[in-house]
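Written out below as structure tokens is the structure these notes cover.
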Amino acid sequence: MMARNQSSDFALSAFQTVRRNQIPKGREGKHKQFVSLLLNELHRVKPGLALKVPLSSLPSTKANIRAALNRETRKKGLAVATSSDSANLYIWKVTGKP
């Protein structure tokens, strides 16, 4: 029985411990700051216009930024669409009118 406890003590000591109040709450992904910037800019864009974001300015891949943007807009209940070409990512608010 003693060997079993020693084994589990070893397994527990293989990892550090932290106070629960030091654990981050919620998902603060690495793209949050950039996506927040995009959404702030998008809020100022008039209907019928789109943000034109150079792909070279993205902090990650286009797919990762689109995914992060999708997560955040769904969470906030915003209707947003995206498109892209070889140089830019386009983002606009979806309205009832094209």
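Observations, loosely collected:
- For LYS76, the lysines whose Cα falls under 16 Å of its own Cα, not counting residues fewer than eight places away in the same chain, are LYS32, LYS93.
- For the range 15-98, the list of chymotrypsin sites (Phe, Trp or Tyr not before Pro) that fall in a loop by DSSP and count at most 10 other C-beta atoms within 10 angstrom reads PHE15.
- Charge tally around ASN64: other residues with Cβ under 13 Å, Lys/Arg +1 each, Asp/Glu -1 each, net +4.
Any read-out appearing in this document is the output of simple, stated calculations on the displayed coordinates, not a laboratory observation. None of these values were measured; they are calculated from a predicted model. Don't worry about glycine lacking a Cβ; one is built from the backbone with ideal geometry, like all the others, and counts go over all protein chains shown.
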